[in-house]
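Q: Sharing a structure here in structure tokens format.
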């Protein structure tokens, strides 16, 4: 899929009102219903248990596959190990031909989608019918599933009624009970005539040779019991060691997938299902289990991506993804969809099929918090992006900027100063009303902030901090690019607050970009280069603490640098020492004041209605949510919580330029939540979010609330 094609697909999806309504309704309802489903469960403990048992199973995959095959065979099943998708298709096709099979029913199976089984069997002249309601709808439409659990989630009831009307040749109303009845009547005849039933499995137990299937419609049981021949296609990642391992997965799977406490049917098969004919005479059934590798062993051997084998296919990462909620799986996916689908696609269906769709990940990290198998999906996508970049290379402009400019602090800052001078004809009241002609159309936006006339580093050179007490603790300010060159007032506000409570603040002039944009573009070696520069700058400054106004910078210095520099033991020790000093501004001010180590700040009452936006990295990478709110209360703000306060604003750095239409739609959802509060002021603690929200609010015109950085609010009320 080329960049041009994917942007065209995005545009088509964004203009499809039916798609957006269908996905939007589900996404918003999912959060509340999922929370209710987990109300009496310890989700944190449950996900730890699942992650541990699945990780252990992934580490013993070959051993468990052999044990499962032995046990399943002992109970009457025939087990075939398929190394590739082609081998799996060939085995099932030959089996069908040998037994003269013409009619086949299938229960929902993503593994069968992965190996493109339906097309293979249909080309051989066999009648293959999907019996899961969603899968049947998709089959009738000639589409592929857009969601791993809810394959027809992108369709409205009216569209489904149209599909069924064409199939049955009668005019059917968009009435769900009526449509379900029509499906049941049509599919029941298919079950009765079928000679082969094909299913997947949610879990395969090595200890007993048992397959576990979770369904809501009963079609899985009909598929496994009515036809005389049952074929199950099971990916090796579905293996668990013990029968007791089934319980925690069954606790989490329905709750995370569809917000149900349990599903309608849990079917366990140890050997062929017992069956009788029309005369109630026992019938000997055949059960064939295809244990599918198709890239799973390669994933298991990969120390980075082995973690993805913990996935239980609940698709909760899709359900909470702001990008998926707008475009669906036919854009954000291949066979498997969404963020996890990107990783699975790379290993199961080829890196070339994952290369473009991985760029759709915004990096909001929401999926990480909801995954019941505790997969750090954002980290895996970042690693995948690096591999794609190594294989394909960066575009020339990006390569030159990253390798020749970002790593050269003097050149990088000189160019920013040059832009500050060149932008003057396009700037009005501190805002770039339109881009220069050579950039027009690149971002598709207006109301961008101008580069500051005087960056923060120059203000420090000129003014310095106030004379500190000899025993004052020294705090180093890591500004980040936005606060240094676009919003220097954020830095000066931080200094005002910190000096007010007794800290000396210094600005090491050798600091440069944190490097995170390079990592997001797939060039971690560039980030490692600037990391070394920043280490040296702050070590030379001799600071007790390092504060940043940017959560992404905080995350980089605190969490990414030690991992990134792990290949050099001396650098890793230095990075870890630096990480131990790094704090978010709000976290630092609140806890230092609360702990009594410094003078407690005193504020004038704000007396305004304020709502607070949780930035993605601040909440999800750093776990900071309480401290900014407490500080707002300390200044007398009337704090009003917005709906979905942690919903991404759509900024994502360069994402808002590359996929500006997606970014704008995500921003619109955020702005709607803000305006519902009736607040006068939106407090934020991320310069990127500030830029995005200010642009969006300015586009909405007069009457929209003001967006302001938390440090500025505090400084103004001292």
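Q: Would you check if there is a residue in segment 263-283 being assigned by TED's automatic domain parsing to the domain that holds residue 150, within 16 Å of residue 229 (Cβ to Cβ), outside any strand (DSSP E or B) and in contact (Cβ under 8 Å) with a residue 60 or more places away in the chain?
A: yes
Q: Here are some residues: 125, 86. Which one is modelled with pLDDT of 95 or more, surrounded by fewer than 19 Cβ atoms within 10 Å (Cβ to Cβ) and more than 25 Å from residue 334 (Cβ to Cβ)?
A: After applying the criteria, what remains is 125.
Q: Would you confirm whether any residue within segment 15-26 is touching a residue at least 40 places away in the same chain (Cβ under 8 Å) and over 13 Å from residue 153 (Cβ atoms)?
A: So far as segment 15-26 goes, no, none of its residues is touching a residue at least 40 places away in the same chain (Cβ under 8 Å) and over 13 Å from residue 153 (Cβ atoms).
Q: List the residue pairs whose Cβ atoms are under 9 Å apart, where the first residue sits in segment 119-131 and is over 21 Å from residue 187 (Cβ atoms), the second is modelled with pLDDT of 95 or more and part of a helix (DSSP H, G or I), and the two are 6 or more positions apart or on different chains.
A: 120/89; 120/90; 120/92; 120/93; 124/93; 124/96; 124/97
Q: I'd like to check something: does segment 641-656 contain any residue that is surrounded by 20 or more Cβ atoms within 10 Å (Cβ to Cβ), in contact with a strand residue (DSSP E or B) (Cβ under 6 Å, 6 or more places away or on another chain) and either part of a loop (DSSP other than H, G, I, E, B) or touching a residue at least 24 places away in the same chain (Cβ under 8 Å) (or both)?
A: Within segment 641-656, one or more residues are surrounded by 20 or more Cβ atoms within 10 Å (Cβ to Cβ), in contact with a strand residue (DSSP E or B) (Cβ under 6 Å, 6 or more places away or on another chain) and either part of a loop (DSSP other than H, G, I, E, B) or touching a residue at least 24 places away in the same chain (Cβ under 8 Å) (or both).
Q: Restricting attention to segment 33-47, does a residue exist that is farther than 24 Å from residue 240 by Cβ, part of a helix (DSSP H, G or I) and either free of Cβ contacts under 8 Å to residues at least 12 places away in the same chain or not assigned by TED's automatic domain parsing to the domain that holds residue 241 (or both)?
A: yes
Q: Turning to a different aspect of this structure: Could you list all residues from segment 216-237 that are part of a helix (DSSP H, G or I) and either closer than 14 Å to residue 108 by Cβ or not assigned by TED's automatic domain parsing to the domain that holds residue 263 (or both)?
A: Residues satisfying the conditions are 219, 220, 221, 222, 223, 224.
Q: Which condition number does residue 275 fail, the rest of (1) modelled with pLDDT of 95 or more; (2) more than 16 Å from residue 311 (Cα to Cα) being met?
A: (1) is the only condition that residue 275 fails.
Q: Next up: Residues that are crowded, with 17+ Cβ neighbours inside 10 Å, in contact with a strand residue (DSSP E or B) (Cβ under 6 Å, 6 or more places away or on another chain) and part of a loop (DSSP other than H, G, I, E, B): does segment 68-77 have at least one?
A: yes
Q: Based on what the data block shows, is residue 213 in the same structural domain as residue 254 (by TED's automatic domain parsing), crowded, with 23+ Cβ neighbours inside 10 Å and under 31 Å from the mean Cα position of the chain (by Cα)?
A: yes
Q: So, one more: In segment 180-195, how many are touching a helix residue (DSSP H, G or I) at 6+ places or on another chain (Cβ under 6 Å) and modelled with pLDDT of 90 or more?
A: 1
The values are calculated or read from the model by the stated rules, or taken from the named source; none is laboratory data. Bear in mind that the values here come from a model prediction, so they are computed numbers and not experimental data. Quick reminder, even Gly has a Cβ in these numbers, built from the backbone with ideal geometry, and neighbours come from all protein chains shown.
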